[in-house]
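Visitor: Got a structure for you, questions after.
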Amino acid sequence: MRWSVVGAGGMLGQDLVAALRDAGADVTSLGRGTVDIGDVADAERAFAGADVVVNCAAYTAVDAAETDEPAAFAVNGTGAANVARAARRVGARVVHVSTDYVFDGSAKAPYAEDAPLAPRSAYGRTKGAGEWAVRAEHPDHLLVRTAWLYGAHGACFPRTIARLAAERGGLDVVADQLGQPTWTVDLADLILRLVQAQAPSGTYHGTSSGSTTWHGFAQAAVAAAGLDPAIVRPTTSEAFVRPAPRPAYSVLGHDAFVGAGVEPIGDWLERWQLAAPQVLAG
């Protein structure tokens, strides 16, 4: 099976390419210099011969998107449409990575895969538009929402927190936002397993099981770095006002995996403890 990975130089893209190659797949890594997803003809050229196209490319500067939504839309909306259209034209299945930011964060129970979208930020709106475009452009799609990603190949929350805690001797982290820390290695493996299982077209939630707050995740990161987790103090979102609103509740449900016969990612803390040596060394 031949795979094309768009956004292969990113944190998720690098782990996905590695996972695919370890599985013996024929992989074409596509970064900014090798494909222009603003040009559907160029994308079609880049995808020629592929059986599966995975779109990991995204404009992820959440706060910057508030003042430059057209730039975010060009990648997250138009770019997603072009990737899906080009994949359809070459006869490849498309896997599109989306986000919890398409929801408003007001839920009290895990969001179902078919829950109504209600983004509160420019980033969320552009990612929601990308979801709509992928569904409209290509019937053979796997739309995989994820959240709170961390990994060894880029800046990420646990590495930053561990560094700041060591430098400052303590720090405040919000304790009123709930979500599912998710290792890029696990998401890469999940994408591979979804495709191998010939999962039905539709939406899936690629996040770890269980949930915690940013404060809880920060304490786990600091503990893994050999520091006292008590130096991470809880605070509220009001203490860290940012241009783009953050969802207060980003827990995603995994029911779609049951029908597809695919095992969800395991508990976030167990996965973090396995990931920590690699991530903190990155």
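Readers should treat all values here as calculations from the given coordinates under stated rules, not as data from a laboratory. Bear in mind the structure is a predicted one, so any value in this text is a computation, not a measurement. Note that we place each Cβ from the backbone using ideal geometry, even for glycine, and neighbour counts take in every protein chain shown.
Visitor: Taking the chain as the reference, fit the longest principal axis to its C-alpha atoms, fit the long axis of helix 184-196 to the helix C-alpha atoms, and give the angle between the two in degrees, 0 to 90, nearest 10.
Guide: 30 degrees
Visitor: Please pull out the direction-averaged projected area of segment 98-224, using the convex hull of its alpha-carbon atoms, in nm² to one decimal place.
Guide: Dividing the Cα hull surface by four gives the mean projection, 8.9 nm².
Visitor: Going highest first, how would you order 47-53, 124-130, 230-236 by mean Cβ packing within 10 Å?
Guide: Result, highest mean first: 124-130, 47-53, 230-236.
Visitor: Taking each pair of distinct Cα atoms in segment 177-256 once, what is the resulting Kirkwood hydrodynamic radius in Å? Write down the numbers at each step before the final one.
Guide: On the way: mean 1/r = 0.0667 Å⁻¹.
Every distinct Cα pair counted, the radius reaches 15.0 Å.
Visitor: Something else now. Can you give the FRET efficiency for residue 114 and residue 172, using 1/(1 + (r/R0)^6), R0 = 35 Å, r = Cβ-Cβ distance, to the nearest 0.05?
Guide: That gives a FRET efficiency of 0.40.
Visitor: Still on this structure, please answer the following. In what sequence do 34, 212, 207, 60 fall when counting other Cβ within 10 Å, fewest first?
Guide: On the way: 34 14, 212 22, 207 30, 60 18.
With the sparsest Cβ surroundings first, the list reads 34, 60, 212, 207.
Visitor: Roughly how big is the chain's charge dipole about its Cα centre, with Cβ charges of +1 (Lys, Arg) and -1 (Asp, Glu), in debye to the nearest 20? Can you show the working numbers first?
Guide: Values: 22 positive and 30 negative charges, 40 e Å.
Using only the charged Cβ atoms, the result is roughly 200 debye.
Visitor: Would you calculate, for the chain, the mean residue ellipticity at 222 nm contributed by helices, counting each DSSP H stretch of 4 or more residues as -39,500 (n - 2.57) and dividing by all residues, to the nearest 500?
Guide: Roughly -11500 deg cm²/dmol at 222 nm, from the helical runs in the chain.
Visitor: If you consider only alpha-carbon coordinates, what radius of gyration and Dmax does segment 1-66 have, in Å?
Guide: Spelled out, the Cα radius of gyration and Dmax of segment 1-66 are 12.5, 41 Å.
Visitor: When a footprinting reagent is the concern and you count Cβ atoms within 10 Å, what order do 258, 62 take, fewest first?
Guide: 258, 62
Visitor: Quick one: work out the % antiparallel among DSSP beta bridges in the chain, nearest 5.
Guide: 5 percent
Visitor: Length gain on complete extension for the stretch residue 21 to residue 136, per 0.36 nm per residue less the alpha carbon to alpha carbon distance?
Guide: Using 0.36 nm per residue and subtracting the Cα-Cα distance, I get 38.3 nm.
Visitor: Over 31 Å apart: what share of the alpha carbon pairs of the chain falls there, rounded to a whole percent?
Guide: Counting pairs separated by more than 31 Å, the tail of P(r) holds 24 percent.
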